[in-house]
1. Does VAL146 qualify as being among the β-branched types (Val, Ile, Thr), assigned by TED's automatic domain parsing to the domain that holds THR59 and surrounded by 21 or more Cβ atoms within 10 Å (Cβ to Cβ)?
2. If THR81 satisfies all but one of (1) more than 21 Å from the chain's Cα centre (by Cα); (2) at pLDDT 95 or above, what's the number of the condition it fails?
3. From VAL175, VAL146, grab the single residue that is touching a residue at least 12 places away in the same chain (Cβ under 8 Å), of a type in the set (A, V, I, L, M) and farther than 19 Å from ILE52 by Cβ.
4. Based on this model, can you work out whether PRO79 counts as in contact with a Pro (Cβ under 9 Å, 6 or more places away or on another chain), assigned by TED's automatic domain parsing to the domain that holds ASN117 and of a type outside the set (Ser, Thr, Tyr)?
5. For residues that are more than 20 Å from the chain's Cα centre (by Cα) and among the polar types (S, T, N, Q), tally how many sit in segment 84-101.
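The values are calculated or read from the model by the stated rules, or taken from the named source; none is laboratory data. All values derive from a computational prediction rather than experimental measurement. With ideal geometry, Cβ positions are generated from the backbone for all residues, glycine too; neighbour counts draw on all protein chains shown.
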Amino acid sequence: MSKKSKIITIVVIAVLIIGAGAAYMFVKKDNNATTTAKTSQQNPTLDVVGTINDYNDFTTLNKAIEAAGLTATLQGAGPYTVLAANDQAFDNLPEGTLDTLLKPENQAKLADVLKYNIIPAEITTSQLTNGQLIKTLQGQEVKVEVTDGSVYIIDAKGQKTLIVNADLKATNGLVQEIDSLLFPQ
């Protein structure tokens with residue numbers, strides 16, 4: 001094989017390798033875009049309860065909404081913004097807290113806690129400002145903190161939770177996934 005043929009072969013192999021790498025990055029980027037779109041996808045046929053049911057991270061919250069007797073309320077006209085504690089948030093509660101709240105004799109207390117995590121208005125994260133106070137369905141306020149592009153909600157006890165998945169659209173409001181359950185005073 002001549003020197004010229006060897007150089008051409010090396011160039012062709014290099015082009016193929018670079019092309020394959022670029023194609024891989026394009027497919028990987030496209031797959032990530034699809035995943036991101038799914039987590040923030042608007043489904044105009046589901047209310048906030050249906051939206052919460054549609055995501056895998058809210059199985060405990062689904063159970064709590066039902067146990068608190070809030071399903072019909074959250075399927076109503078709204079609008080509502082549900083600060084939806086994910087399963088990890090419930091797992092991080094002190095031992096026995098969730099079991100106690102889910103007991104039938106504690107239905108009113110559970111409803112009170114969950115109503116504290118519901119805002120009787122549709123509020124996107126872009127509408128939230130640092131220091132803003134927002135009245136919840138329960139009647140007490142939560143405070144907003146915006147730091148370096150991240151949005152946190154602070155409860156009456158000073159606990160801070162991060163909005164980890166924002167602006168999940170429903171027919172009667174929004175769902176904001178948070179990483180810890182908020183508690184009223």
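1. On the way: among the β-branched types (Val, Ile, Thr): yes; assigned by TED's automatic domain parsing to the domain that holds THR59: yes; surrounded by 21 or more Cβ atoms within 10 Å (Cβ to Cβ): no.
Here the answer is no, as VAL146 does not meet what is asked.
2. Exception for THR81: condition (1).
3. Details: VAL175 fails: farther than 19 Å from ILE52 by Cβ.
The match here is VAL146.
4. On the way: in contact with a Pro (Cβ under 9 Å, 6 or more places away or on another chain): yes; assigned by TED's automatic domain parsing to the domain that holds ASN117: yes; of a type outside the set (Ser, Thr, Tyr): yes.
Yes, satisfied.
5. So the count comes out to 2.
Residues checked against (1) modelled with pLDDT of 50 or more; (2) outside any helix (DSSP H, G or I); (3) of a type in the set (Val, Ile, Thr):
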{"site": "ILE17", "(1), (2), (3)": "no, no, yes"}
{"site": "GLY21", "(1), (2), (3)": "no, no, no"}
{"site": "ALA33", "(1), (2), (3)": "no, no, no"}
{"site": "LYS63", "(1), (2), (3)": "yes, no, no"}
{"site": "ALA77", "(1), (2), (3)": "yes, yes, no"}
{"site": "PHE90", "(1), (2), (3)": "yes, no, no"}
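A quick yes/no check of all residues on (1) surrounded by fewer than 16 Cβ atoms within 10 Å (Cβ to Cβ); (2) of a type in the set (Asp, Glu); (3) within 27 Å of LYS143 (Cβ to Cβ); (4) without any contact (Cβ under 8 Å) to a residue 24 or more places away in the chain:
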{"site": "VAL49", "(1), (2), (3), (4)": "no, no, yes, no"}
{"site": "ILE65", "(1), (2), (3), (4)": "no, no, yes, no"}
{"site": "PRO79", "(1), (2), (3), (4)": "no, no, yes, no"}
{"site": "ALA89", "(1), (2), (3), (4)": "no, no, yes, no"}
{"site": "PRO94", "(1), (2), (3), (4)": "yes, no, yes, yes"}
{"site": "ALA108", "(1), (2), (3), (4)": "yes, no, yes, yes"}
{"site": "ALA121", "(1), (2), (3), (4)": "yes, no, yes, no"}
{"site": "GLN127", "(1), (2), (3), (4)": "yes, no, yes, yes"}
{"site": "GLN132", "(1), (2), (3), (4)": "yes, no, yes, yes"}
